[in-house]
Every structure is written in C-alpha cells, then in structure tokens.
Amino acid sequence: QVQLVESGGGLVQPGGSLRVSCAASGSILSINAMGWYRQAPGKQRELVAVVTSGGNTNYADSVKGRFTISRDNAKNTVYLQMNSLKPEDTAVYYCNIVPWARDYWGQGTQVTVSS
C-alpha cells in the first residue's frame with residue numbers, strides 16, 4: 001500500500017519562502033513522475049509542478065520562476081521550494097504521481113500566504 005505524507009506547510013508573509021515535503025512509502029518515486037498539486041477554497045485541484053523519474057521538471061505558468069520541484073529517490077521524498085509567495089498561492093498542497101491516482105491522495109499540507 002502506497003502512502004504519501006505531505007509536511008512543511010504554514011503561514012508565511014507575501015514575498016516569503018517555504019519548502020514542503022512529500023515522503024513516500026514504497027518505491028514509486030523511482031518509477032513514476034511525481035507532481036505537486038494544490039487546491040484553494042472553492043477551486044478545483046490543479047497540478048503546479050512535475051518532476052519525471054529522470055529529473056526533468058515542468059511548471060504551471062502561475063508558479064514558473066518562483067517554485068522549484070525536486071526529488072531524492074534515496075530518501076523517497078519529493079520537495080517543493082516556494083519563493084516569492086503570493087496570497088493567491090494559499091491552498092492545500094498535495095503530492096501524487098502524474099497522472100494522479102485516486103488511492104494515493106494524502107491529507108495535504110496547508111500553505112497560507114498572508115500579512
């Protein structure tokens with residue numbers, strides 16, 4: 001049974017930085033593209049960053065140049081470094097494979113950008 005556990009969220013001021021982590025049980029990181037998704041109140045969940053098993057990355061236009069996704073296969077962990085945060089980045093952040101699998105959704109981690 002694969003489990004993905006997100007952590008590292010919190011409250012940060014606009015312009016600040018935060019790094020969230022996703023710890024995976026099993027070896028899915030080494031065989032799957034992994035992504036960070038987010039869901040803001042009243043909005044659909046969206047994919048914001050992807051890292052392939054080979055290390056290639058891709059980003060939504062809304063976060064390009066500000067967010068960096070990375071993976072450590074030895075630690076079975078995926079990271080999302082978020083810089084220059086904006087209030088519109090406020091959301092619950094989740095990790096999952098790409099494309100997502102229903103059974104892999106975790107609890108997510110809340111990121112709130114506010115002064």
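The values are calculated or read from the model by the stated rules, or taken from the named source; none is laboratory data. The structure displayed is predicted, hence computed values, not measured ones. Backbone-built Cβ (ideal geometry, glycine too); neighbour counts: all protein chains shown. Surface accessibility is based on the protein's heavy atoms, side chains included, excluding ligands, DNA and RNA. Shrake-Rupley method; radii C 1.70, N 1.55, O 1.52, S 1.80 Å.
Yes or no, residue by residue, for (1) open to solvent by 20 Å² or more (accessible area, probe 1.4 Å); (2) touching a helix residue (DSSP H, G or I) at 6+ places or on another chain (Cβ under 9 Å); (3) in a loop (DSSP other than H, G, I, E, B):
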site	(1), (2), (3)
Val5	yes, no, no
Leu11	yes, no, no
Pro14	yes, yes, yes
Arg19	yes, no, no
Ala23	yes, yes, no
Gly26	yes, no, yes
Asn32	yes, no, yes
Tyr37	no, no, no
Lys43	yes, no, yes
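Give me the pairs, please: first residue somewhere in the range 46-64 and at pLDDT 95 or above, second residue anywhere and open to solvent by less than 50 Å² (accessible area, probe 1.4 Å) and basic (Lys, Arg), beta-carbon distance under 8 Å, and either six or more positions apart or on two chains.
Between residues of the range 46-64 that are at pLDDT 95 or above and residues that are open to solvent by less than 50 Å² (accessible area, probe 1.4 Å) and basic (Lys, Arg), the close pairs are Glu46/Arg38; Val48/Arg38; Val51/Arg71.
Among the residues of the range 58-95, count how many are under 16 Å from Gly16 (Cα atoms), part of a strand (DSSP E or B) and of a type outside the set (Ser, Thr, Tyr).
Residues in the range 58-95 being under 16 Å from Gly16 (Cα atoms), part of a strand (DSSP E or B) and of a type outside the set (Ser, Thr, Tyr): 5 in total.
Hey, does the range 79-88 have a residue that's more than 18 Å from Ser25 (Cβ to Cβ) and among the acidic types (Asp, Glu)? Spell out how you get there, then give the answer.
Kept after step one, since they are more than 18 Å from Ser25 (Cβ to Cβ), are these residues of the range 79-88: 80-88.
Now narrow it down to the ones that are among the acidic types (Asp, Glu): 88.
Yes.
Check Ser70 against each of (1) over 16 Å from Gly9 (Cβ atoms); (2) surrounded by 14 or more Cβ atoms within 10 Å (Cβ to Cβ); (3) at pLDDT below 95 and name the one condition it does not meet.
Only one criterion in (1) over 16 Å from Gly9 (Cβ atoms); (2) surrounded by 14 or more Cβ atoms within 10 Å (Cβ to Cβ); (3) at pLDDT below 95 is unmet by Ser70, namely (3).
Looking at the range 74-95, which of the residues that are closer than 21 Å to Lys43 by Cβ and open to solvent by less than 10 Å² (accessible area, probe 1.4 Å) is farthest from the chain's Cα centre (by Cα)?
If we take residues in the range 74-95 being closer than 21 Å to Lys43 by Cβ and open to solvent by less than 10 Å² (accessible area, probe 1.4 Å), then Leu85 is farthest from the chain's Cα centre (by Cα).
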